[in-house]
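**Q** There's a structure below that I have some questions on.
The values are calculated or read from the model by the stated rules, or taken from the named source; none is laboratory data. Just so you know, these numbers come straight off a predicted model, no measurement behind them. With ideal geometry, Cβ positions are generated from the backbone for all residues, glycine too; neighbour counts draw on all protein chains shown. Each accessible area value is taken on the protein alone, full model and side chains, heavy atoms only, with ligands, DNA and RNA left out. Shrake-Rupley method; radii C 1.70, N 1.55, O 1.52, S 1.80 Å.
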Amino acid sequence: MATAPELLDPVPDALIRPMAESDLADVVIIERAAYQFPWSEGIFRDCLRVGYICRVVMLNDEIIGYGVMSVGAGEAHILNLCIMELYRCRGVGKRLLTYLIERGTAAGMSEAFLEVRPSNTSAIRLYQSVGFEQVGMRRGYYQAVGGREDAAVLKLGLRPRRGSR
Ligand SMILES: CC(C)(COP(=O)(O)OP(=O)(O)OC[C@H]1O[C@@H](n2cnc3c(N)ncnc32)[C@H](O)[C@@H]1OP(=O)(O)O)[C@@H](O)C(=O)NCCC(=O)NCCS
């Protein structure tokens with residue numbers, strides 16, 4: 001179990017806006033620094049093209065994080081959530097995750113799902129902090145150095161907002 005990280009200064013001025021194709025060069029730089037097996041620019045482009053909910057977090061004029069989520073058939077799937085290393089442990093990831101959950105709820109989805117490497121304790125801690133719970137394990141789901149790594153499947157029930165169905 002990860003211990004709570006030291007709380008750094010929050011980033012109150014960060015804003016969330018839709019991702020555009022012109023953001024992809026910057027997004028991919030953050031992606032490559034964050035993951036051993038990063039998404040290609042083409043994967044992000046496909047996500048934009050099919051209409052997934054793709055957002056970037058802006059601080060002044062700089063992209064400091066992004067998230068990608070699909071919605072359909074009652075389910076939201078958080079496919080990517082990433083914050084630039086310099087800005088981690090400052091509440092930005094939680095803000096973006098909360099935003100995506102609200103979008104999924106507003107789109108009428110009843111559940112949100114995501115996959116995470118069991119070794120990714122900071123991400124698991126973030127997801128648990130908003131109520132996600134593990135509901136399964138996909139064996140050998142991820143590429144890993146020297147083989148494959150399982151994925152934990154996490155789920156969150158989404159409560160319809162009052163006045164929406
Ligand atoms: C996972 C990630 C998105 C978290 O973003 P973040 O901005 O650092 O997270 P926050 O500062 O908003 O923290 C949110 C919660 O997670 C916990 N947390 C975040 N990083 C942590 C760490 N390194 N160790 C322990 N807990 C951590 C915080 O304690 C906080 O919990 P609280 O609100 O109950 O206090 C970020 O570490 C990241 O981009 N990692 C690389 C990409 C990645 O692995 N994405 C997830 C793929 S499934």
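**Q** To check my understanding: the extent here is largest minus smallest coordinate of the Cα atoms along each principal axis. What are those three numbers for region 77-136, in Å, largest first?
**A** Computed over region 77-136, the largest-to-smallest principal extents equal 34, 24, 18 Å.
**Q** I'd like to know how the chain sits against the 2.2 N^0.38 Å rule of thumb: what's its Cα Rg over that expected value?
**A** Numbers: Rg = 15.6 Å, N = 165, 2.2 N^0.38 = 15.3 Å.
Dividing the Cα Rg of the chain by 2.2 N^0.38 Å gives 1.02.
**Q** Considering only protein heavy atoms and a 1.4 Å probe, what is the carbon-and-sulfur percentage of the accessible area of the chain?
**A** 50
**Q** When the helices in the chain are scored as -39500 (n - 2.57) per DSSP H run of 4 or longer and the sum is shared across all residues, what 222 nm value do you end up with, to the nearest 500 deg cm²/dmol?
**A** Values: 4 runs with 44 residues, N = 165.
Per the formula, -8000 deg cm²/dmol.
**Q** Do you know the relative contact order of the chain, to the nearest whole percent, from alpha carbon pairs under 8 angstrom that are 6+ apart?
**A** Reported relative contact order: 19 percent.
**Q** Can you tell me which of 129-140, 24-35, 65-76 comes out highest on packing, and rank the rest after it, using the mean Cβ neighbours within 10 Å?
**A** 65-76, 24-35, 129-140
**Q** Something else now. Which whole-number value in Å² is the accessible area per residue of region 1-113, probe 1.4 Å?
**A** 54
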